[in-house]
Structure formats: C-alpha cells, structure tokens
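The values are calculated or read from the model by the stated rules, or taken from the named source; none is laboratory data. Only a predicted model underlies this, so the values are computations on that prediction, with no experimental measurement involved. Don't worry about glycine lacking a Cβ; one is built from the backbone with ideal geometry, like all the others, and counts go over all protein chains shown.
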Amino acid sequence: MKLNALGLPVKETEILAVELNILLANFQIYYQNLRGLHWNIKGKRFFDLHLKFEELYNDSQLKIDLIAERVLTLGETPLHTFEDYISNSKLKVGKNIHNDEEAIVLIVNSLTELLKIERIILSQSDEINDEGTNAMMSDFIKEQEKTMWMMNAWLEEKY
C-alpha cells in the first residue's frame, strides 16, 4: 500500500478528499443561506434571530476554511467556484425567507444533511487512521448536534 507524506494510504485519502469537497460545497450553500436569513428575517423575533443567524454564518465561515485547508493538507484541491458548490450540494437553497419558523426549519434540514456527510467522512477517516480529519469531523458533529437540539427546542415553543 502506497502512503502519502502524512503516512496515509494514497487512494483512500483521495476518496476522503472528494467527500470533504462535497462537505465544503454543502457548507458554502449553508453559509449563503444563513446570510440570506440574516438579511431577510422579519417579525417580532427579528433581533434575536438576526444575531443568531450572524453567529451561525460566522461559525460556518470558519468551518469552510478548515475544510478547504484539510483538503489541501491531504494533497488535493478544494472546490472554489459557485458552479462546483451548486452541483455538489444536497442542501435546499433558501431564497427570500422572511418567516422565522421557515428559517429555522431550513437550518435544521441543512444540519441534518451536513451531519450525514460528516458521519460518512468520520467513518472513512477512522478507517485509515486519519486523526486530523477525524478530530475535525468529531468537533463539527458535536457542535451541530447541539445546534439542532436548540433549533428543535425553538420549533416546539408554544406561541
């Protein structure tokens, strides 16, 4: 088995980088959705949600950079065009969403898809002892599960 400079199997690392690029594309759509929600939210919860969406898109921007840098660390090239993002994303694009509940549902649905991709990557990185990718996915999953719990708690709120 041929190993790369990191001591990881070359073929499996290339496959892992493809999955990381899929995650990158989905995170870019998620990020842009959050920007749109931040800009377009209306209603009595505007102030709280406006700030929450900003917090989420800032966090997503950091994760996007981490994912792209991990792809580079693995010796591959991160996707970097809107065409690539759209063609590789499974997330729904949220356009002109003003309603608070619709916005939160979009976030929950997006996080559900991101978690699916991250768990695939976690499994693949674990199989080849890629601790760098594995640790990153574990951190992402832990944070996003907590965010989903909070968003779902918000959706259950009685008016």
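Condition first: more than 16 Å from the chain's Cα centre (by Cα) and buried (at least 19 other Cβ atoms within 10 Å of the Cβ). Can you find one or more residues in segment 55-71 that meet it?
No, segment 55-71 contains no residue that is more than 16 Å from the chain's Cα centre (by Cα) and buried (at least 19 other Cβ atoms within 10 Å of the Cβ).
State which residue is nearest to residue 105 (Cα to Cα) when the search covers only segment 45-71 and only residues that are free of Cβ contacts under 8 Å to residues at least 24 places away in the same chain and of a type in the set (D, E, K, R).
52
If you check 94, 75, which single one turns out to be surrounded by 21 or more Cβ atoms within 10 Å (Cβ to Cβ), out of contact with any His (no Cβ under 6 Å at 6 or more places or on another chain) and not charged (D, E, K, R)?
94
Report yes if some residue within segment 31-46 is crowded, with 16+ Cβ neighbours inside 10 Å, touching a Lys or Arg at 6+ places or on another chain (Cβ under 7 Å), under 20 Å from residue 87 (Cα atoms) and not small (Gly, Ala, Ser); otherwise report no.
no
Take residue 84 and decide whether it is under 30 Å from residue 125 (Cβ atoms), out of contact with any Asp or Glu (no Cβ under 9 Å at 6 or more places or on another chain) and modelled with pLDDT of 95 or more.
Answer is yes for this residue.
For segment 85-105, give me each residue that is in contact with a helix residue (DSSP H, G or I) (Cβ under 6 Å, 6 or more places away or on another chain) and either hydrophobic (A, V, I, L, M, F, W, C) or under 29 Å from residue 12 (Cα atoms) (or both).
Correct list: 85, 88, 89, 90, 91, 97, 103, 104.
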